[in-house]
Amino acid sequence: MGTIVEDVLAQADWVANALSQTGYKADFSPVSLWEIDRFFDDNSRNGQAVPGGLLSDQLGPRLFSLGAYVGEVIRRNRGGEWIGDDKDPQAEINVQLHLPDGTTCWPVQRIMKRFKNGPLDGIAGYGAGAGLNVGSPPKKNKGHTFRIKSKPWWKFW
């Protein structure tokens, strides 16, 4: 095991390959962030892994790898630098991406939120907020939709 930054880089490449082998487009393009949302739609429900799905085993390491991928999509398209404290017992969660404009983001933490909260914490929207051109949501494919279902503004729960 290397430094946390070395782990981020290695895991981003690993998960891109794994995603590609399972039918997701993971080429580090901004548009590929829609595929991460689709991956979560396929493999999680209500903050839980779908039984037998790709998150039903080794959840923590897989979420870390997905966060590394998302951060690398941002870094490779916007520039920036990964910063992590190897002495931090939660380095995998706290690793940061510093962008050239001074923005700091925590892609692994965002992946954890996406898993827990579903489409309301979408990854494509996160990439757009980081300044990437993620394009429009893909058309419905294989029974998937990327439309965010939300409650009317007047419902509080």
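Things to note:
- Whole-Å distance, taken between Cα centres, linking the stretch 8-81 and the stretch 111-127: 12
- Close Lys pairs in the chain, defined as Cα atoms under 28 Å apart and 8 or more places apart or on different chains, number 26.
- Taking all Cα pairs closer than 8 Å and separated by 6 or more residues, the relative contact order of the stretch 4-129 comes to 30 percent.
- Residue-count net charge about LEU59 - beta-carbon cut-off 14 Å; Lys, Arg +1, Asp, Glu -1: +2
- Cβ-defined net charge surrounding PHE115, 15 Å radius [Lys, Arg +1; Asp, Glu -1]: +1
- Separation of the HIS98 and THR22 label points, Cα + 7 Å toward Cβ, nm: 3.4
- Cα long-axis angle, helix 59-78 against the chain (0 to 90 degrees, to the nearest 10): 80
- The modelled label-to-label distance between LEU59 and GLU6, using points 7 Å beyond Cα along the C-beta direction, is 3.0 nm.
- MRE, 222 nm, helices only [DSSP H, n ≥ 4, -39500 (n - 2.57), over the chain, to nearest 500]: -14000 deg cm²/dmol
Throughout, read-outs are computed from the coordinates displayed, never taken from laboratory work. Not measured: the values here are computed from a predicted model. Cβ atoms come from the backbone with ideal geometry, glycine included; neighbour counts cover every protein chain shown.
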